[in-house]
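Encoded as structure tokens, the structure appears first; notes follow it.
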Amino acid sequence: MKRIKIGIFGYCRGSAYVDSFLQNNAEIVAVCDKRKDRLEEAKKKLGNMVTCYEEFDAFIEHSMDAVFIANYFHEHTPYIIRCFEKNIHVLCECISNSTMAEGVQLVEAAEKSKSIFMLAENYPYMIFNIEMKRLYEGGTLGKCLYAEGEYNHPSNRNDDNTRYLYDSELHWRNYLPKTYYVTHSLAPIMFATGANPVRVTAMPIFSPVPKERPTASFVGDKAAIITTLNDDKSVFRFTGHATFGGECNSYRLCCEKATVENVRGSGGKVMLHYNWWEKPKDKEAVNFYMPEYEGEDVELVKKSGHGGGDFCVAKEFLNCIRENKPHPFDVYFSTRMSSVAILGHRSLLEYGTPYDIPDFKNKADRDKYRNDTLSPFFYSDGRTPTLPCCSEQNFKPLDSQVEEFKKILKG
Ligand SMILES: NC(=O)c1ccc[n+]([C@@H]2O[C@H](COP(=O)([O-])OP(=O)(O)OC[C@H]3O[C@@H](n4cnc5c(N)ncnc54)[C@H](O)[C@@H]3O)[C@@H](O)[C@H]2O)c1
């Protein structure tokens, strides 16, 4: 089996994939992070096998087959394109593009390149989501008519994890509209059913954190409730990054003959519920069970982060490189999800105006968005927000909250 040489760009989330790459017969030859403490961590973990870089320009010249893009959430696209220009394969953290214009650039660069691109979307590879996809493809459920996806990740923030997750008050997490972190709720239901969103609308749930809590977040929304009409006439309803009480990830496929869902609070159990008159002979009408991973690496999957998802993503990516085949999470899949995130936010700012999702396989759709650079984020190159990030467009944290937040960052 070919040993694949990987470089990691961004050694915060980037570090979480090290073991999964090594377990799948890859070697990590280079790491790039502008933070010296993170490069020290990389050297400690990887020893002499790795060369460390603070600058991408030097890193990209290192001899390697693939790069794991795990820099800031909203700054992936230009670096992916640099890899494409050198035919270096790319595994990219979510999301692939933070503006519509970048989505067009990404697709056009991919079409000129020999690189394989895969979005590192791990939630579809959680064991219960693999099971739901397996059941759907088995054909006994009938066609999916409606599906739900919920990524609900409130946090009990302490000073250490604030310093881990933020490096300034202008960090992307403080300007992240609730529809933008969409892949963990949307990708599992797209992947399971094969349906693609073609129209989006979204509503906000505005509920800012208490005034005594340190924060520099300009987003007072707790969730976005997003609805899409899909190309097969089905409908999805899903959250972006929600922060309700009771952390959970939950998914549900409602089909012609049955509904399947992972049950909240059950530790990953699945409920498969048929119409009693349409159930297969070997099933009850209601089946409630813990799904098992059936691949050969079951012990590694059980130990890996995000319910086995991280290991499976690394394995899938490396297999695609070895077999020179595309992955379903390609640039079209990824940019479609980004379009849902970006246009969903515009809908939310207007309390529900529907937006059509472009198909970037079509030139006319690309041309419509080629110059659309609106964004709610601060960028490292000095660009500032051109869109509000919160449904209450004048919302901002108190100066006292921001001061406390900055004190925490200083340590
Ligand atoms: N799939 C998942 O489960 C999951 C979990 C966490 C984070 N993520 C994703 O991972 C990505 C990174 O998030 P994070 O949690 O690591 O936080 P982060 O964005 O704060 O960390 C990014 C890292 O990249 C480095 N960096 C950024 N720009 C750089 C540049 N130009 N040159 C050198 N280094 C640079 C930073 O110093 C930092 O160490 C995001 O896209 C996020 O959405 C995904």
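With respect to the numbered conditions (1) modelled with pLDDT of 95 or more; (2) within 16 Å of the ligand (Cβ to nearest atom); (3) assigned to a loop (DSSP other than H, G, I, E, B), which one is the sole condition not fulfilled by Pro358?
(2)
Any idea which of Ser155, Ser96, Ser115 is within 21 Å of the chain's Cα centre (by Cα), polar (S, T, N, Q), more than 11 Å from the ligand (Cβ to nearest atom) and outside the structural domain of His241 (by TED's automatic domain parsing)?
Answer to the selection: Ser115.
Against the condition of a type outside the set (A, V, I, L, M, F, W, C), in a loop (DSSP other than H, G, I, E, B), surrounded by fewer than 16 Cβ atoms within 10 Å (Cβ to Cβ) and without any contact (Cβ under 8 Å) to a residue 24 or more places away in the chain, how does Lys34 come out, does it pass?
Here the answer is yes, as Lys34 does meet what is asked.
Which condition number does Asp167 fail, the rest of (1) more than 18 Å from the chain's Cα centre (by Cα); (2) farther than 23 Å from Ser380 by Cα; (3) among the charged types (D, E, K, R) being met?
Every listed condition holds for Asp167 apart from (2).
Out of all the residues in region 39-77, which are near the ligand (Cβ under 10 Å from one of its atoms) and free of Cβ contacts under 8 Å to residues at least 24 places away in the same chain?
Tyr53, Glu54, Glu55, Asp57, His76
State the number of residues belonging to region 37-56 that are in a helix (DSSP H, G or I) and farther than 23 Å from Ser380 by Cβ.
Summing the residues that are in a helix (DSSP H, G or I) and farther than 23 Å from Ser380 by Cβ in region 37-56 gives 7.
Can you give me the ranges of the helices (runs of 4 or more DSSP H) entirely in region 297-351 with at least 1 residues that are closer than 30 Å to Val198 by Cα?
309-323, 331-349
Residues in region 219-242 that are under 18 Å from Tyr351 (Cα atoms) and in contact with a Cys (Cβ under 8 Å, 6 or more places away or on another chain): how many?
Counting residues in region 219-242 that are under 18 Å from Tyr351 (Cα atoms) and in contact with a Cys (Cβ under 8 Å, 6 or more places away or on another chain) gives 3.
Look through region 22-38, keep the residues that are under 24 Å from the mean Cα position of the chain (by Cα) and within 16 Å of the ligand (Cβ to nearest atom), and return whichever of them is nearest to Ile8 (Cα to Cα).
Val31
Can you confirm whether Gly240 is within 13 Å of the ligand (Cβ to nearest atom) and at pLDDT below 95?
yes
For region 57-78, enumerate the residues that are part of a helix (DSSP H, G or I) and surrounded by fewer than 19 Cβ atoms within 10 Å (Cβ to Cβ).
Result: Asp57, Ala58, Pro78.
Can you tell me which residue is farthest from Met132 (Cα to Cα) among those in region 257-300 that are crowded, with 18+ Cβ neighbours inside 10 Å and modelled with pLDDT under 95?
Leu300
Tell me yes or no: at least one residue of region 80-89 is within 13 Å of Gly309 (Cβ to Cβ) and either outside any loop (DSSP other than H, G, I, E, B) or within 19 Å of the chain's Cα centre (by Cα) (or both).
No, there is no match, as no residue in region 80-89 is within 13 Å of Gly309 (Cβ to Cβ) and either outside any loop (DSSP other than H, G, I, E, B) or within 19 Å of the chain's Cα centre (by Cα) (or both).
The values are calculated or read from the model by the stated rules, or taken from the named source; none is laboratory data. Everything numeric in this text was worked out from a predicted model, so none of it was measured. Virtual Cβ from ideal backbone geometry, glycine too; neighbours counted across all protein chains shown.
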